[in-house]
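Down below is the structure, laid out as structure tokens.
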There are 2 protein chains.
Amino acid sequence: MTTDLQLMGRDARRASFALLGLGRAQKDALLQTIIDQLQVHEATILEANAEDVKEAEAQGLSGAMLDRLLLTPERLAGIREDIHTVIGLPDPVGEDLDSKLLANGMRLSRRRIPLGVLGVIYEARPNVTIDVAVLALKTGNAAILRGGKETLRSNLALVAVIHRALKIHDLPKAAIGLIADPDRALVAQLLKLDSHVDMIIPRGGAGLHQLCKEQATIPVITGGIGICHLFVDQSADLSRALEVIENAKVQRPTVCNALDTLLVHQAVAAALLPKVKARLAPQGVTLKGCQASQKLVELEAAEEGDFDREWLSLTLGIKVVADVDDAIDHIRDHSSEHSESILTQDMANARYFAASINSAAVYINASTRFTDGSQFGLGAEVAVSTQKLHARGPMGLEALTTYKWLVEGDYHIRG
Amino acid sequence: MTTDLQLMGRDARRASFALLGLGRAQKDALLQTIIDQLQVHEATILEANAEDVKEAEAQGLSGAMLDRLLLTPERLAGIREDIHTVIGLPDPVGEDLDSKLLANGMRLSRRRIPLGVLGVIYEARPNVTIDVAVLALKTGNAAILRGGKETLRSNLALVAVIHRALKIHDLPKAAIGLIADPDRALVAQLLKLDSHVDMIIPRGGAGLHQLCKEQATIPVITGGIGICHLFVDQSADLSRALEVIENAKVQRPTVCNALDTLLVHQAVAAALLPKVKARLAPQGVTLKGCQASQKLVELEAAEEGDFDREWLSLTLGIKVVADVDDAIDHIRDHSSEHSESILTQDMANARYFAASINSAAVYINASTRFTDGSQFGLGAEVAVSTQKLHARGPMGLEALTTYKWLVEGDYHIRG
């Protein structure tokens with residue numbers, strides 16, 4: 001099977017024009033049909049997924065990867081529930097961001113429109129297939145999907161369901177395209193399909209993001225990597241700080257908003273660090289500290305590069321800092337601009353930290369674990385961006401839109 | 001002379017942190033000092049520019065390029081006047097885009113912040129040096145500039161003035177850096193300096209934009225290329241339409257928002273096209289038309305590819321279309337998504353055109369020539385974007401900012 005990406009891109013672009021004509025009611029009806037069709041074809045989807053899982057097991061994939069790959073009736077019910085949530089969200093398309101009457105009598109508005117065609121590259125998670133398709137369609141976008149090869153049968157079954165729903169609503173199936181050919185060269189081609197694709201969303205690890213940044217001629221939303229910091233200032237309430245540190249590190253250590261490095265003001269390090277160890281060590285946390293911290297509590301020595309690592313595990317870097325400026329300097333040097341927090345009772349330091357740190361999410365007296373679309377009330381999360389253009393942090397439906405300037409005149413000419 | 005871009009990038013990043021602390025009053029005072037210093041050092045600037053012009057003449061540069069390169073006392077006065085205008089503009093930095101109290105009592109705001117460090121690549125226009133530096137500083141951004149080699153002496157003199165102003169205000173001169181080494185490899189290096197540069201703005205022709213899109217690992221604002229269309233619908237007021245066509249084509253044919261292709265509804269083509277020729281031909285306009293148009297008026301035959309060209313001159317493509325759908329199809333196939341217009345008295349067609357065309361600027365009954373920062377009331381124009389992420393069409397000061405999520409809690413933890 002050969003895949004002609006130019007053709008696929010052209011068809012996706014045309015399909016995006018068909019989606020332009022849909023109002024919210026029609027788009028939500030389409031999503032409801034996807035829910036219905038997912039239910040109707042559940043057995044087929046689970047069979048396809050079982051084959052993917054079987055082959056992955058035979059190839060010796062790790063337990064964590066197998067778990068991500070697996071679909072169950074419960075997980076499919078969860079996916080349908082998530083689509084219900086998206087149906088309930090307002091449609092951002094069509095809103096005027098602003099509108100004014102110019103001095104010459106022309107009306108000038110910035111109107112929110114779909115981006116057009118999304119390119120989404122992800123790994124062995126079949127749930128992403130439905131997730132991305134639903135968010136794209138809700139915002140009137142077409143999408144070209146490229147999932148991990150381990151999950152190809154599942155993805156084909158899921159996309160077949162979406163195609164049935166599109167057909168029922170008399171919409172072109174090219175609105176959601178799947179690159180089924182496992183040839184890796186197609187990823188590179190997709191990244192350069194700038195005449196047909198408007199935005200690339202990589203959903204995967206650092207390597208995938210780097211590849212997209214380097215090869216794409218299309219704007220890429222990079223993110224997902226969080227080297228997150230929490231600074232305990234001299235004035236912090238230490239017993240409450242301990243709760244926040246525990247939450248940020250332990251509640252879900254494998255995600256990007258989990259704490260990586262704890263920065264402690266030198267004046268409270270002797271009081272705090274033994275408590276941190278007493279609280280976290282029994283939960284399996286390994287502490288890796290700077291020289292100063294090693295004098296205050298027994299822990300492993302932090303090695304070269306440890307402060308530049310996203311742990312994604314029960315390891316916590318510890319550094320004693322002189323003051324808020326020292327903490328800010330460390331964060332500027334080592335952060336991935338995802339999420340950073342200060343714990344303090346000092347109004348001036350809180351203000352200063354908030355003004356000096358420009359990561360996607362900056363916290364005063366809270367756990368970094370809140371950086372998340374649902375926690376921020378976005379209803380759905382497309383991705384978490386740590387770059388600065390277009391969208392930052394958790395991206396909701398709005399991040400799948402852009403705007404055009406709409407100008408209404410009466411045969412106006414420029415003088 | 002060798003240029004260490006890593007070092008330059010690092011210094012620019014550090015300088016951007018120093019700019020973060022400035023409020024509007026301080027930034028406007030800095031811009032006023034730039035005005036003053038431009039006046040104080042006018043002779044030096046004009047001398048340096050005269051040398052650039054002399055060398056460019058010796059190398060046989062065209063009259064248009066020499067004109068762009070030339071600085072005069074009047075042009076410098078105009079540049080100072082433009083800085084006054086920027087001083088008068090509101091500072092977008094620090095504004096909260098929105099702010100809400102979450103159910104758990106945390107306050108969540110999206111706060112507007114500078115992008116950080118801009119990379120600007122441009123051609124032999126010394127005025128861009130001041131223009132970009134001033135817009136960057138007004139929004140608290142550092143910038144690394146790379147101007148055309150023909151204008152190096154002028155740029156060095158202008159950047160020296162900016163450095164003096166920065167020094168007077170005790171700010172690091174790395175806030176505005178100039179890559180003075182003419183080695184073209186440095187452009188490629190700048191485009192991959194993603195650890196230190198947040199956005200690339202190319203200000204030049206299609207070739208420069210393509211280079212940036214292909215080579216950059218940093219988000220690029222592409223644009224500036226306008227293949228602009230005007231569709232005269234069956235119901236349009238033809239005598240007023242003629243005024244708009246003339247304005248869009250003739251008023252300033254060398255710019256990106258000038259008209260490239262006139263689409264005429266078949267029902268009015270016989271009435272309109274002879275009038276278009278009678279009006280435009282005496283002004284030096286060459287008409288290049290489709291087969292149908294050739295039967296209605298004497299004009300050159302449009303050749304293969306003519307409808308995909310940005311003319312930037314007194315040439316106008318002409319195409320007779322069946323109806324509004326045919327016009328929309330032509331625009332979707334040939335436009336660069338810059339500016340398109342419909343002239344019509346038909347409410348339904350106006351609505352349909354406006355909903356179907358998603359170019360950066362879409363006009364109903366107006367000339368395409370209005371797509372411009374000052375016409376749209378932005379006060380200053382950074383660039384005109386024809387891509388879809390971050391900013392579209394004329395980009396004002398806001399386009400040099402991004403936002404961060406600011407979260408204030410009371411030792412909140414995630415449940």
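Points to keep in mind about this one:
- Test: residue in the stretch B:154-176 that is modelled with pLDDT under 95, closer than 30 Å to B:PRO73 by Cβ and surrounded by fewer than 22 Cβ atoms within 10 Å (Cβ to Cβ): no
- Any hit, the stretch B:85-93, residues being among the acidic types (Asp, Glu), in contact with a strand residue (DSSP E or B) (Cβ under 7 Å, 6 or more places away or on another chain) and closer than 28 Å to A:ARG332 by Cβ: no
- Condition broken by B:ALA124, with the remaining ones in (1) over 30 Å from B:ASP198 (Cα atoms); (2) modelled with pLDDT under 95 satisfied: (1)
- Filtered by the rule that a residue be among the polar types (S, T, N, Q) and crowded, with 20+ Cβ neighbours inside 10 Å, the stretch B:253-289 gives B:ASN257, B:THR261.
- Whenever a residue of the stretch A:231-250 is assigned by TED's automatic domain parsing to the domain that holds A:GLY284 and closer than 13 Å to B:ARG414 by Cβ, its partners that are assigned to a loop (DSSP other than H, G, I, E, B) and of a type in the set (Ser, Thr, Tyr), lying with C-beta atoms within less than 7 angstrom and at least six residues away or across chains, give the pairs A:VAL244/A:SER367; A:ASN247/A:SER367; A:ALA248/A:SER367.
- B:SER385 vs. criteria surrounded by 20 or more Cβ atoms within 10 Å (Cβ to Cβ), touching a residue at least 40 places away in the same chain (Cβ under 8 Å), within 12 Å of chain A (Cβ to nearest Cβ) and closer than 30 Å to A:ILE221 by Cβ: yes
- Per the listing A:ASP36, A:ASP91, A:ASP67, the residue uniquely at pLDDT below 95 and either within 21 Å of A:ILE168 (Cβ to Cβ) or among the charged types (D, E, K, R) (or both) is A:ASP67.
- Every residue from the stretch A:388-415 that is in a loop (DSSP other than H, G, I, E, B), facing chain B (nearest Cβ under 7 Å), in contact (Cβ under 8 Å) with a residue 60 or more places away in the chain and in contact with a helix residue (DSSP H, G or I) (Cβ under 9 Å, 6 or more places away or on another chain): A:HIS390
- Segments classed as helices (runs of 4 or more DSSP H), wholly inside the stretch B:3-122, with at least 1 members that are under 24 Å from the mean Cα position of the chain (by Cα): B:5-20, B:24-40, B:63-69, B:73-88
- Candidate set from the stretch A:363-377 (those that are without any contact (Cβ under 8 Å) to a residue 40 or more places away in the chain and either in contact with a Pro (Cβ under 6 Å, 6 or more places away or on another chain) or among the charged types (D, E, K, R) (or both)); member that is nearest to the other protein chains (Cβ to nearest Cβ): A:PHE376
- From the list B:ASP194, B:ASP183, the lone residue that is over 24 Å from B:LEU70 (Cβ atoms), in a loop (DSSP other than H, G, I, E, B), out of contact with any Gly (no Cβ under 8 Å at 6 or more places or on another chain) and within 13 Å of chain A (Cβ to nearest Cβ) is B:ASP194.
- Scope the stretch A:11-25; condition within 18 Å of B:SER359 (Cα to Cα) and not charged (D, E, K, R); matching residues: A:ALA12, A:ALA15, A:SER16, A:PHE17, A:ALA18, A:LEU19, A:LEU20, A:GLY21
- Scanning the stretch A:325-337 turns up at least one residue that is β-branched (Val, Ile, Thr) and closer than 28 Å to B:ASP96 by Cβ.
The values are calculated or read from the model by the stated rules, or taken from the named source; none is laboratory data. Note that the structure is a prediction, hence the values are computed from the model and not measured. Backbone-built Cβ (ideal geometry, glycine too); neighbour counts: all protein chains shown.
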